[in-house]
Amino acid sequence: MLAPPHRLHDEAIEQLLASGERRRELVALLGESAYRELSELARRVRATRRAGPVVYVLPGLMGSRIGTRGKLLDDVLWLDPIEVAAGHLTRLALPRGARLVALGVMLLNVLKLKLSLQVAGFDARFHAYDWRRSAEALAGDLNARIAAEGSREVLLVGHSMGGVVARLALASDPGHIARVVQLGSPNGGSFAPVLALRAVYPTVRKLAALDLRHDAEDLARIVFRTLPSLHELLPGPASGGELDLFDPAAWPDDALRPDRRLLDDAATARARWPAADPRCLHVVGVRQETVTQARLHGREFHYTLERDGDGTVPRRLAMLDGARHWFVAEKHGGLPNNGKVIAAVADLLRTGATERLPAETRAGRRAARTISESVLRRVAPRKLRWADLSPDARRRLLEPVVSPEFHGAVPPAALRAPPPPAGRRGTGAAPRVLEVRLVEGSIADANARTLVLGLFRNVAPSGAAAAVDARLGGMIREQTQRRMFAAGLGQVSTLVAPRGSLLAEHVLLVGLGDFDDFGSEAQSFAAGNAIRSLVHAGSPDFATVLFGAGSGVPVAAALEQQLAGFVAGLAASDPGQVIRRIAICELDPRKYAALRRATAAAARRLAHDDLRLVVDEGAMALPLAPAQDARAARQNALRSDPAYLVITLIDQGRAGHECRSALLTAGAKAAVLGGVVQVARKALRAQLGRAESGQLGPRDMAGFGSGLARLLLPESVRDGLAGMKARPLVVVHDAEGSRIPWEALRIGDVHPALEGGLTRRYASEALTAARWREQRPANGRLHVLIAVDPTLDLPGAADEGVALGRLLRAAGVEVELLSGAAVTREALLRAIGAGRYDVLHFAGHGFFEPGHPGRSGLVCAGREVLRGADLDRLGDLPALVFFNACEAARVRKPRPGQGARLFAYRRSTSVAEAFLAGGIANFLGTHWPVGDQAALAFSTRFYQRLLDADPLGDCVLAARRDVRDLDSIDWADYVFYGSPDFAFDAAASP
């Protein structure tokens, strides 16, 4: 089982952002817009050579995760919602919790800042710290790390308390630190610690609402009153108030009054804090309503709020006399995520000054209001469950300390690495010459050492990849069918071309990630990774096609980004100038004309003093197939390519779901269409309830399927599907999306499952590589294992096994039939483990474990369960598992027109998920038990087409149509996960 993102190390999260893996989880963690921005930055980081100075980036108070360090996974206490709900935040109290350590940063706080600095050429590194401890002790830890890592000159950037720690490190630094940039740092303290110690700070109260054992006052009394950091950050004399908050007598006389010893220690430490240093520069947030004073009223404080700070730190408490400051209208938690602020930070680190922000500001309007603690205690008065919170509410849990809002992209000029030092140019060295050759023809005939092809995740090879695959005898298609190449963004895989199949020696596959996330940055990143692999392989030239051009990306835009990625990759990884020529192939005359027009202009823009791009045109040296044959093959491929519908269903708590869909159309004018639909939980339940009621009949399916489409898909996607109705449709979904009966979907006047055919693919990182045997015995026959009625309560299933065995044997298939008590778990594992069988046909009960769907499986004799995980230790597996779900309590011979229960879908899809994860390539199952007549009709037609070596998608389509002709809705019951173009060799049967 995959670990939740908050338990991963920071580096692992950055790798996931760059690769595009586990997208759904990271979107839920970060938000859609933040995910897109951070993933683009992470991909750019991989392509950037960071030769600049080391920069340590320090998050703010509460901005580091706290817990116990693990080798691969961390045991996180702060901030794990499960730990919060269980009441374990009290373990943060000191000194009892001193064994806990800082594990990493809260990503929403400073990841955008760090990645942006890396793109700008800095060697930026996180410095997480235990924000519970004294700032002086933390400064000592930072200086020790700097000394241990050995950098001669380093720079520091600190948000909030992190800026204070950086400033104290500078004061005691032996000479390593050149400059410090603070962001919203409470140099003179802040009233936020006062609010936290009084249990009225918004973050404290929201956390307490999730804690099922403690209230906010408990957390303040048990935890926050023990933390030296909060006491050291109390407002000092510059606050302008009458209270000395380092004196216990100035506080309300109740259980929350701070400890005198901690207050005395904090006052002593504050007296040692240094004065202003010209090397310490500060960006200060202003014009936000901020607590600027506290006054004692009986047994509580009353607080004054003015628009004179960043919402957490008052302006006058942020500023130091004699220091240099720049100002921005931004909230405290938003400072590290503000694009203009990040650009200013890059300037300040490089030069010590910036013109992007003003160096002066007027004091905020003095209009003030007062609020009492009694009013503040009304925030989050009731207990909440984490599961009931929307993703946005979860991300805002730590506001105003950490803000999930990203305000503005970083200006591109700020992200450009500085030019090389003077003296590098003008040495007389000749510029590098890179030939860019344009070829009108099929890449399958290209005369180059290596062919480079891009593949989308969960999309079968098409277009150029299909043409090359045909020459390779299906090697690329087998890689995808076996799930050996996941096509994650930037992932590469190399195939050796069999002798005589191509003029090229190798084929390099480059992952393009999910097509709905594919953009200019992704294209450049993939191109750069291809270059790195080619340089390591010593390939002097390669031929390629434009990545993503089959998804509707304009030729000029695709060329610009891909060529830029190639050039960046060469600059970063090919100092020896291994690669000398790039050939770009295009078979379509219209697109080739556009390619010719765009290449010369792109080459001029990308050239510089050290690189000259020479554009020419060439022809295929020795085409292995006539051009007209290649174009005809391409047109045939375009006509048969499926459309792909990617569905992401995100739980929004009580509000319902957000259904995101993206459609990759097929054909010469392919495009990506997408949109988002908000689905009320009640509306979805009502729609699915129609089927669960058991009252749906054949005449109801059109209305039900159309309603499903209107509820879940935006109009643009529905219109796109209407234009693809004659094509096969592949629905790619996540775990939540598996709940929907996509087979019943209706677009216009057709059900795609009955028109071009419908296949599912399960988008999960948990799926292992598929394993099936390639070599059959000398007789070449198909081998089928039939297992029926292991629980001895399904006579219809036993009859099905006998009839199916008779049918297959008559066709020359080798059949082994296990029935009743003989279908034990051990017998099935022994038979499957022998590696003899191409197909496992199981008619019986399925087992479903709601809390752990991956543990689902098939119920064997003695009620033992064969789970997908049981297959992990086996070698060759059946290429197809056909699971006919049965139910003893239901008569399998419904009367004509009788309604049927359409939704046991979660059970069925969970069994499918378990077996796919265990290494099964193709899984055909049923949502709910089907009638005997429909089951026999489906099986008979399916196996007849399978024995004719038809692709599995065509077999399922033909079988569905036969069931429809029986005036039964059971055609919508069959669910097929796998590759629609997978086919058993025609030699498998006589």
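Are there trypsin sites (Lys or Arg not before Pro) in region 97-183 that DSSP marks as loop and that have at most 15 other Cβ atoms within 10 Å, and which are they? Counting only loop positions with at most 15 other Cβ atoms within 10 Å, the trypsin sites (Lys or Arg not before Pro) in region 97-183 are Arg99, Arg152. Take every Cα pair under 8 Å whose residues are at least 6 apart in sequence, average their separation, divide by the length of region 423-538, and the relative contact order is 28 percent. Hydrodynamic analysis of region 481-524 uses the Kirkwood radius over alpha carbon pairs. Inserted into Stokes-Einstein at 25 °C and 0.890 mPa s, it gives a translational diffusion coefficient of 205 µm²/s.
Taking all protein chains together and rolling a 1.4 Å probe, Glu800 ends up with roughly 20 Å² accessible.
Per residue, the convex hull spanned by the Cα atoms of region 242-325 measures out at 107 cubic angstrom. Between 0 and 90 degrees, the angle of helix 135-149 with respect to the longest Cα principal axis of the chain falls at about 60 degrees.
So what's the angle, to the nearest 10 degrees on a 0 to 90 scale, between helix 795-810 and the longest Cα principal axis of the chain? Once rounded, one gets 60 degrees. Take every pair of alpha-carbon atoms less than 8 Å apart whose residues are at least six positions apart; their mean separation over the length of region 511-602 yields a relative contact order of 38 percent. State log₁₀ I(q)/I(0) for region 664-810 at q = 0.16, 0.18, 0.21 Å⁻¹ as given by the Debye formula over alpha-carbon point scatterers of equal weight, solvent excluded. Here log10 of I(q) over I(0) equals -1.07, -1.14, -1.26.
Placing Thr370, Thr90 in order of accessible area, with the largest value first and a 1.4 Å probe, yields Thr370, Thr90. As a rough guide to protection, the peptides 567-574, 712-719 ranked by mean Cβ packing within 10 Å, highest first, stand as 567-574, 712-719.
Ellipsoid semi-axes for region 31-173, based on the Cα gyration tensor and the rule √(5λ), read 26, 21, 12 Å when sorted largest first. Across the accessible surface of the chain, with the other protein chains kept in place and a 1.4 Å probe, carbon and sulfur atoms take up 51 percent. Helix 905-917 and the longest principal axis of the Cα set of the chain meet at an angle near 90°. Using a 1.4 Å probe and ignoring any ligands, DNA or RNA, find the accessible area of Leu376 and quote it in Å² to the nearest 10. Rounded to the nearest 10, the figure is 30 Å². Name the shape class, rounded, prolate or oblate, that the alpha-carbon gyration tensor gives for region 179-311, where a ≥ b ≥ c are the square roots of its eigenvalues, rounded holds for a/c under 1.5, and otherwise prolate holds if a/b is larger than b/c and oblate otherwise. Taking the square roots of the gyration eigenvalues as a ≥ b ≥ c, region 179-311 is prolate.
Summed over the residues of the chain and divided among them, the accessible surface reaches 39 Å² per residue at a probe radius of 1.4 Å.
For the Cα trace of region 479-593, dividing Rg by the Kirkwood Rh returns an Rg/Rh value of 0.95.
Restricting the calculation to Cα atoms, region 131-220 shows an Rg/Rh of 1.13 when the hydrodynamic-style radius is the Kirkwood one. Pairs of alpha-carbon atoms within less than 8 angstrom and 6+ residues apart define the contacts here; what relative contact order does the chain have, in percent? Answer for the chain is 8 percent. Here, P(r) means the percent of Cα pairs in each 10 Å bin from 0 to the largest distance; for the chain it is 2, 10, 17, 19, 18, 15, 11, 6, 2, 0.
Rg of the Cα atoms in region 3-105, relative to 2.2 N^0.38 Å, amounts to 1.21. For the pair Arg604 and His536, what calculated FRET efficiency results from E = 1/(1 + (r/R0)^6), where r is the Cβ-Cβ distance and R0 = 22 Å, to the nearest 0.05? So, using R0 = 22 Å, E works out to roughly 0.15.
For the set Ser661, Ser172, the ranking by accessible area, highest first and with no ligand, DNA or RNA atoms included, is Ser172, Ser661 under a 1.4 Å probe. For region 933-986, the normalised intensity computed at q = 0.30 Å⁻¹ comes to -1.15 (log10 of I(q)/I(0), Debye sum over alpha carbons, equal scatterers, no solvent). Ordered from highest to lowest accessible area with the whole protein assembly present and a 1.4 Å probe, Met475, Met701 read as Met475, Met701. Taking every Cα-Cα distance in region 650-727 and sorting them into 10 Å bins starting at zero, the pair-distance distribution P(r) comes out as 17, 40, 32, 11, 0 percent.
The values are calculated or read from the model by the stated rules, or taken from the named source; none is laboratory data. Note that this is a predicted model, so its numbers are computed, not measured. Backbone-built Cβ (ideal geometry, glycine too); neighbour counts: all protein chains shown. For the accessible areas, the whole protein counts, side chains as well, though only heavy atoms, and no ligand, DNA or RNA atoms are used. Shrake-Rupley method; radii C 1.70, N 1.55, O 1.52, S 1.80 Å.
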